[in-house]
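Everything on this sheet refers to the single structure shown next.
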Amino acid sequence: MRPIVATLAAAGTTPTLPLDIHGRPEISLQVDVLSGSPTWTIQQTVDDVFNSAITPTWINHPDTNMVGQTVDRQGNYAYLPSAVRLTQTGAGSVRLTIIQAGITG
């Protein structure tokens, strides 16, 4: 799978970033602080983000190295959420890169 990249240039939340729920569960996450001093958090959901009748419940990443951070970090998932997003407070910009392992045959 090609990397999924989302950047925030101010406080807010990225769009929902769906993952391949039929793919492999190995997922790498990297957050880079590009400027300023923002505080960022990775969140995930297992709700169906394509079903408009459902409002996804977003939960902070279980690894505290991916919650309330102000520096570059790498993390991963040991399970497969259906979607991920990045939230930011404070001034500055951050970039999230996600790589989900491809199917091997």
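The values are calculated or read from the model by the stated rules, or taken from the named source; none is laboratory data. All values derive from a computational prediction rather than experimental measurement. As a convention, Cβ positions derive from the backbone with ideal geometry for all residues, glycine included, and neighbour counts pool all protein chains shown. What goes into the accessible areas is simple: the full protein's heavy atoms, side chains included, and nothing from ligands, DNA or RNA. Shrake-Rupley method; radii C 1.70, N 1.55, O 1.52, S 1.80 Å.
Structure above, values below:
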{"read-out": "Filter result (of a type in the set (Ser, Thr, Tyr), farther than 17 Å from Thr7 by Cβ and in contact (Cβ under 8 Å) with a residue 40 or more places away in the chain) within segment 55-89", "value": "Tyr77, Tyr79, Ser82"}
{"read-out": "Qualifying residue in segment 18-30 (condition: touching a Gly at 6+ places or on another chain (Cβ under 8 Å), over 14 Å from Ala83 (Cα atoms), in contact (Cβ under 8 Å) with a residue 24 or more places away in the chain and of a type in the set (A, V, I, L, M, F, W, C))", "value": "no"}
{"read-out": "Single residue of segment 6-35 satisfying the filter (in a strand (DSSP E or B) and exposed (fewer than 13 other Cβ atoms within 10 Å of the Cβ)) that is nearest to the chain's Cα centre (by Cα)", "value": "Gly12"}
{"read-out": "Matching residues, segment 48-105, being more than 12 Å from the chain's Cα centre (by Cα), among the charged types (D, E, K, R) and open to solvent by less than 70 Å² (accessible area, probe 1.4 Å)", "value": "Asp63"}
